[in-house]
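The block underneath contains the structure these notes are about, expressed in structure tokens.
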Amino acid sequence: MSAMLSIESLSGLVAFSVAVETGSFAAAGRKLGLSASAVGKAVERLEARLGLRLLNRTTRSLAVTGEGDVLYRYVVRILKDLHDAEQELHLFQKEPRGRLKISVPTVIGRKVVMPALRDFQTRFPDVTTDISLDDVKVDIIEGGYDVVLRLGELDDSTLSARRIGPHTFITCASPAYLAQHGIPHDPGDLHKHCCIHYRFPTTGRPEVWAFKASRQAKPIKPVIILNDGEALASAALGGLGIIQAPSYLVRDDIVAGRLQAVLADYTEDRGGVSLVWPSMSARVPKVRAFIDFMAERVFEKLY
């Protein structure tokens, strides 16, 4: 069976089928751009591998044997499937279509990517998006991902990347909490407050809040540690304490007055927000369409 899958076997099958259709090796050679001798030898090699006589030859014509007739019916079907596959692949090169496998971190996925997905599907209805929301760093190549959204600083890599913007954070709490415990005016004041931190799933360690150099008098000791990003906002809204969260997670609550930003002059960004993909993938229309679309939509939510 393995021999039937070789390139040489496929050439023999093509030569055989065209010879059957045209009635002679010479006519088949003219159609394939080969000599009659080359077509005849390709069929002979195919017969030798199968151990069967496929064509009876005379000086003037070819006659298909019973075994040859069985094979011809299968070959016609196989070659048609190959032709259809080639035509479909040409469509992939022209218009965005097909399955797109994506990985995004949970919070930005729920708050930014998912709300934008409806517009993407409306614009590109032939693309099927297969999205994984996961805070664990995935292996793009091994996992077969077309595009991955990454937060923070990127590792040196052979992968291609497009930085969309900074990964901005906001330090904030509920107005009720601040009214009861006071507003911190400097990062050094935070040791007096209930600070709620996120625990990274990859390391199991609490996040370190980012403030401008030399503005923090002592390390902040978390009072509450959560392993869910969106739970940070819920805890702050419930008046449990102060959080430092991605801007896209808490901005709407700040605009609505449900949360109040503090230490705005001291809070720093934590790297960037980037789209990452295998180098050759951007040539595929569905991948390029997603990169361009999401770069625009995510950028809008970073400021």
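Could you size up the charge dipole of the chain around its Cα centre, putting +1 on the beta carbon of Lys and Arg and -1 on that of Asp and Glu, and report it in debye to the nearest 20?
560 debye
Filter Lys31/Lys94; Lys94/Lys137; Lys80/Lys101; Lys111/Lys286 down to the pairs with a C-alpha to C-alpha distance above 25 Å, please.
Working: Lys31/Lys94 29 Å; Lys94/Lys137 32 Å; Lys80/Lys101 29 Å; Lys111/Lys286 23 Å.
Check vs 25 Å cut-off fails for Lys31/Lys94; Lys94/Lys137; Lys80/Lys101.
Kirkwood Rh over Cα pairs of the stretch 7-119 into Stokes-Einstein at 4 °C, 1.567 mPa s: D in µm²/s?
Details: Rh = 17.3 Å.
D, rounded to a whole number, is 75 µm²/s.
Report, in whole Å, the centroid distance computed from the Cα atoms of the stretch 17-73 and the stretch 275-303.
When both Cα centres are located, 51 Å separates them.
Mind giving me the FRET efficiency for Glu95 and Val136? R0 is 41 Å, r the Cβ-Cβ distance, nearest 0.05 is fine.
Values: r = 33 Å, r/R0 = 0.81.
Approximately 0.80, to the nearest 0.05.
By per-residue mean of other Cβ atoms within 10 Å, what is the highest-first order of 274-280, 130-136?
274-280, 130-136
Dipole size in debye (nearest 20) for the stretch 169-261 around its Cα centre, Lys and Arg Cβ +1, Asp and Glu Cβ -1?
In total the dipole reaches around 320 debye.
Hey, can you rank 201-210, 41-50, 100-109 by average C-beta count inside 10 Å, highest first?
On the way: 201-210: 13.6, 41-50: 17.7, 100-109: 21.0.
Order by mean packing, descending: 100-109, 41-50, 201-210.
Please give every one of the lysines within straight-line cross-link reach of Lys192, meaning a C-alpha to C-alpha distance under 19 Å, and leave out same-chain neighbours fewer than 8 residues apart.
Output for Lys192: Lys218, Lys221.
Multiply the residue separation of Thr106 and Glu300 by 0.36 nm, subtract the distance between their alpha-carbon atoms, and state the gained length in nm to one decimal.
My answer for the length gained is 68.0 nm.
Suppose R0 equals 51 Å. What FRET efficiency, 1/(1 + (r/R0)^6) with r the Cβ-Cβ distance, do Arg288 and Lys31 give to the nearest 0.05?
Working from the Cβ atoms, E equals 0.85.
Could you work out the helix-only [θ] at 222 nm for the chain, with each DSSP H run of four or more residues adding -39,500 (n - 2.57) and the total divided by the number of residues, to the nearest 500 deg cm²/dmol?
Rounded to the nearest 500, the figure is -13000 deg cm²/dmol.
Place +1 on the Cβ of every Lys and Arg and -1 on the Cβ of every Asp and Glu in the chain, take the dipole about the Cα centre, and give the residue among Tyr198, Leu159, Val112 whose Cα lies farthest towards its positive end.
Leu159
Rule-based calculations on the coordinates, nothing more; no lab input. Worth saying up front: this structure is predicted, and the values here are computed from it rather than measured. Neighbour counts run over all protein chains shown; Cβ positions are idealised from the backbone, glycine included.
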